[in-house]
Amino acid sequence: MRLATYEHEGLRRCGAVEGEEVLPFPEGADLLDLVGGAPVPATGAPVPLARVRLLPPLEPPSVRDFVTFEEHVEGVRRSVSGQAGVPDAWYDAPTFYFTNPASLVGAYDDVPVPPGCGVLDFELEVAAVVGRGGSDLTPERAREHVFGYTVFNDWSARDLQSREMQVGLGPCKGKDTASTLGPWLVTADELEPHRDAEGFLRLTLTAEVNGEVVGRDLLSNMSWTFEEMLAHASRGARVRPGDVLGSGTCGNGGCLAELWGRSGRQDPPPLVPGDTVTLTVEGVGTVSNTVVAGRKPEPVRGARRRPRDRP
């Protein structure tokens, strides 16, 4: 089943997608409730998808973005920090950071350049959505807690990211402005035929900029399964229905920075207003966003160099 949240005739609605139509659920229905176990309600008269604006499928309580593709880590590390190889610590466990659940945009929305950014990039990912809450899960139990999957684009201001990560706390404003989630939420059962013997989903991932393919990879090249990622996220913590877990960016051109790190030059160039990024995940769908001009940053001064007086 494909479940979508959309805007139609000025109202926010959700429903089931069949072919080129969406079958609306009753007013007031919310996909977060369905993800959490509420029964699927009856649907109304179909509405053509061409007449709706697709919104992010749900408003998640949290978004954890992992980094599970070794090839991506190797390329981007060289691009962002100038260092070669993959850190030894990366191999220990599936690392993630929390990103902004309030910055999600729909499958075909415009994306503004982040304030102060001169090096904008996309990141092709797949996101798993938690259906059942829990803590201290095993990977085996975690499979029962995955509700479904959607396409995820973690837009990145590489110049901001490169500078702020020198502080040692990870990315912040470099990842804060926009993340695409969509075009809909595909229930986990739909993708089971793509699962390989090791538990990975063998799905083709394709990235295009202005109609030109710049990246192609397989989701099964992840180093951890979504179940292992979810088990790790739940260790000593509670995951909740609707929580989003990003796969991390795929390799082989899943973002521009990886290509820059490998070639030593910014080719293809950073994204600018007018560029359109189209990401496709086999069995899930396609999102396509056009970059538009953003706002100028409101000035905030640098740190005060304080004397070290003591009372």
TODO: Using +1 at the Cβ of each Lys and Arg and -1 at the Cβ of each Asp and Glu in the chain, identify which of VAL73, LEU279, VAL126 lies farthest towards the dipole's positive end.
DONE: VAL73
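Would you work out the charge dipole size for segment 137-232 about its Cα centre, treating the Cβ of every Lys and Arg as +1 and the Cβ of every Asp and Glu as -1, and quote it to the nearest 20 debye? Before the final figure, lay out the partial values.
Numbers: 9 positive and 16 negative charges, 68 e Å.
I would put it at about 320 debye.
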Task: Size of charge dipole - the chain - debye, nearest 20, with Cβ of Lys, Arg +1 and Asp, Glu -1, no other charges - done: 1620 debye
TODO: Run the dipole for segment 60-209 about the Cα centre, Lys and Arg Cβ at +1, Asp and Glu Cβ at -1, nothing else charged, and hand back the magnitude in debye, nearest 20.
DONE: 360 debye
- [ ] Sort segment 173-311 into rounded, prolate or oblate with this rule: let a ≥ b ≥ c be the square roots of the eigenvalues of the Cα gyration tensor; rounded if a/c is under 1.5, and if a/c is not under 1.5, prolate when a/b is larger than b/c, oblate otherwise.
- [x] oblate
Open item on the list: Amide H of CYS250 versus every other amide H placed in the peptide plane: which residues, excluding those fewer than 5 positions away on the same chain, fall under 5 Å?
Closed with: LEU124
Task: Structure-based [θ]222 nm, the chain - -39500 (n - 2.57) summed over DSSP H runs of at least 4, per residue, nearest 500 - done: -4000 deg cm²/dmol
- [ ] Considering the options LEU23, ALA303, ALA84, tell which one lies farthest towards the positive end of the dipole of the chain, charges being +1 on Lys and Arg and -1 on Asp and Glu at the Cβ, about the Cα centre.
- [x] ALA303
TODO: Mind telling me which of GLY174, GLY19, GLY82 comes out most flexible in a GNM of the chain, alpha-carbon contacts under 10 Å?
DONE: GLY19
Task: Listed candidates [x] 204; [y] 173; [z] 142 - label of the one calculated as volume of the Cα convex hull per residue in Å³ - done: [y]
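Which percent, nearest 5, of DSSP beta bridges in segment 80-209 are antiparallel? Show your work: numbers first, answer last.
Values: 16 of 18 bridges.
Antiparallel bridges: around 90 percent, rounded to the nearest 5.
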Open item on the list: If the elastic network links every pair of Cα atoms under 10 Å, which of LEU191, LEU230, LEU181 fluctuates the most in the Gaussian network model of the chain?
Closed with: LEU191
Task: Taking only Cα atoms of segment 241-311, radius of gyration then Dmax in Å - done: 20.0, 64
TODO: Choose one of GLY116, TRP155, LEU230: the residue whose Cα lies farthest towards the positive end of the charge dipole of the chain (beta-carbon charges +1 Lys, Arg; -1 Asp, Glu; about the Cα centre).
DONE: GLY116
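Could you provide, to the nearest whole Å², the per residue accessible area of segment 96-205 with probe 1.4 Å? Could you put the intermediate results ahead of the total?
Details: 4430 Å² over 110 residues.
Dividing the accessible area of segment 96-205 by its residue count gives 40 Å².
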Task: Overall Cα dimensions of segment 5-151 - principal axes, largest extent first, Å - done: 56, 42, 25
TODO: Enumerate the amide H contacts of THR95 below 5 Å, restricted to partners 5 or more residues apart or on another chain; note that Pro and chain-start residues carry no placed amide H.
DONE: VAL67
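The values are calculated or read from the model by the stated rules, or taken from the named source; none is laboratory data. Fair warning: this is a prediction, and the values are worked out from it, not measured in the lab. Counting neighbours? That spans all protein chains shown, and the Cβs are built from the backbone with ideal geometry, glycine included. Areas reflect the complete protein model, heavy atoms only, side chains present, ligands, DNA and RNA absent. Shrake-Rupley method; radii C 1.70, N 1.55, O 1.52, S 1.80 Å.
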